[in-house]
1. Tell me, what are the semi-axes, in whole angstrom and largest first, of the equivalent ellipsoid of the range 156-198 as set by the roots of 5 times the Cα gyration tensor eigenvalues?
2. Translational D (Stokes-Einstein, µm²/s) of the chain at 37 °C and 0.692 mPa s when Rh comes from the Kirkwood sum over C-alpha pairs?
3. Counting each DSSP H run of 4 or more residues in the chain as -39500 (n - 2.57), what helix-only mean residue ellipticity at 222 nm follows after dividing by all residues, to the nearest 500 deg cm²/dmol?
4. Suppose a student asked you for the relative contact order of the chain, using Cα pairs under 8 Å spaced at least 6 residues apart; what percent would you report?
5. Long-range amide H contacts for residue 68: which residues qualify at under 5 Å (H placed 1.01 Å from N, peptide plane, sequence gap of 5 or more or a different chain)?
6. Could you give the angle, 0 to 90 degrees to the nearest 10, between helix 157-174's Cα long axis and the longest principal axis of the Cα atoms of the chain?
7. Apply the Karplus curve 6.51 cos²θ - 1.76 cosθ + 1.60, θ = phi - 60°, to the phi angles in the range 51-56 and return the couplings in whole Hz, x for Gly and Pro.
8. How large is the convex hull of the Cα atoms of the range 121-186 per residue, expressed in Å³ as a whole number?
Amino acid sequence: MAMNPVSLQSHAMPTWKRLFLISVGVGFGLALGFTVVIAGYIWYESRPRPPKLWNTTAITATFDRIDTEGQNNTLLFAYTLENNTLFDYKVTGQSSVIMTAKLNRQRSLSLDRNDHFITVDYPIFIPSGQRTQFLIHLGYPYRYEGIRERPIANASSEERKKYREAVAAFVNEQMGNVDGFVLFDEINRYQITFPKGW
C-alpha cells in the first residue's frame, strides 16, 4: 500500500526547527564543557600547595669582623652581603624577617623570637650585583675581667685588631655553641646564612 506523500511531509520536522535544536544542543554542550574547565581550574588553584623552597644563593654573606658597641659593650657582628640576583633587594622592616642563631651542638636554629636580643638595621637595601655592609647586634655584653677595654676613637689599627681578637676569644668561650646566624625573608623566600668567622 502506497503512503500518501502529504502525510509524510506533515510528520517531517521543518529545517529551521532542526537547526534550532542542533544549535541549542551544541551551545549547551559548550557551556557544560566550559563550566567543567573553569571548575577544574578553580579547584586546582585553591588546593593547598607546599611553599616555595628557600633560595639560599640569592643573597650571600661573608664574615668581616666582631666588635662591641654602646655603653654596655654589647656584641656586634659585621658581615658583607652580596646580591647575586638581577633585581635590587630591599626589606623595609622586621615584620617579614626572622633572624636566628645557628646552634652547633643541636644542629638546629634558635627560633627564640626575642626581638631585642638579635637585631639588625632596617631598611636593608642591596642593588643588583652589589655588596654592602650588614651589622648584627647581639644583646649580650662583653665583660671579661683582665681583658683590654674597647679602644678609643683614635686608636691604632693594631689596638683595634687586638681588641677584636679578645672579643672573639670571649665569644668562643661564652657562646661556643653559636655557629653563625640565619636570616629568613618570608616574602622573597630568601635564606641568608651568616657563617661563623670568629
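Only the coordinates and a few stated rules stand behind these numbers; no lab work does. Fair warning: this is a prediction, and the values are worked out from it, not measured in the lab.
1. 29, 14, 6
2. 147
3. About -10000 deg cm²/dmol.
4. The normalised contact order for the chain reaches 26 percent.
5. 76
6. Tilt of helix 157-174: around 70 degrees.
7. x, 5, 5, 5, 8, 9
8. Enclosed volume per residue, from the Cα hull, is 160 Å³.
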